[in-house]
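Shown next, in structure tokens, is the structure this report addresses.
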Amino acid sequence: GDLDVLRGVIGPWMERNPDARFLAAGSMEPDVHDYLGIPDHQRLNMPLIDFDPDTNVYTSLYDADVFVIPLDQVPFNEGKSHLKGLESNASGAPFIASPSESYRWWTDEGENGFIAKKPADWFKYLDLLKNDHDLRVKMGSYGREKAKGQDYSHYAHEW
């Protein structure tokens, strides 16, 4: 269901932006690209995401410009955390996410990411972030600083 959020959105957007690439992180299935309609020459796969303990950076994601975080609007997904948005920000990239409660809480709209409430929002924010390098850098920097403040040791006593 989560991929259905991007179906009919990301494929057409990629066709209009032939210089963009879509990385299916954590997926070894080429079916993800097929399902979303990603043109062959724009497909990238990353089966594993490596963590470098010396730098505290997800090294394989470090060069990503924008993360897309689609979540189907079902009760199960309301229980998910905003971890992918936090990881996106920690790597220095902004994100576009579905409007689950945790993402609405984590997102400082236009500062570290965007919330896509309807299909047209995905197009709008993808276009904005692709075409405005300075905004991507600014949002990535803000997001990285925000992520630095999320050291779980500060919250462990609450658990």
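Observations on the model:
- Rounded if a/c under 1.5, otherwise prolate or oblate - the range 112-159, Cα gyration tensor axes: oblate
- Note on surface exposure: 114, 76 rank 76, 114 by accessible area, highest first, 1.4 Å probe.
- Burial ranking of peptide ranges 99-107, 127-135 (average Cβ count within 10 Å, highest at the top): 99-107, 127-135
- Cα-based shape type of the range 73-113, given that a ≥ b ≥ c are square roots of the gyration tensor eigenvalues and the cut on a/c is 1.5: prolate
- By accessible area with a 1.4 Å probe, ligands and nucleic acids excluded, highest first: order of 36, 23: 23, 36
- Cα-based shape type of the range 80-148, given that a ≥ b ≥ c are square roots of the gyration tensor eigenvalues and the cut on a/c is 1.5: oblate
The values are calculated or read from the model by the stated rules, or taken from the named source; none is laboratory data. Worth saying up front: this structure is predicted, and the values here are computed from it rather than measured. Cβ atoms come from the backbone with ideal geometry, glycine included; neighbour counts cover every protein chain shown. Calculation scope for accessible area: heavy atoms of the full protein, side chains included, ligands and nucleic acids excluded. Shrake-Rupley method; radii C 1.70, N 1.55, O 1.52, S 1.80 Å.
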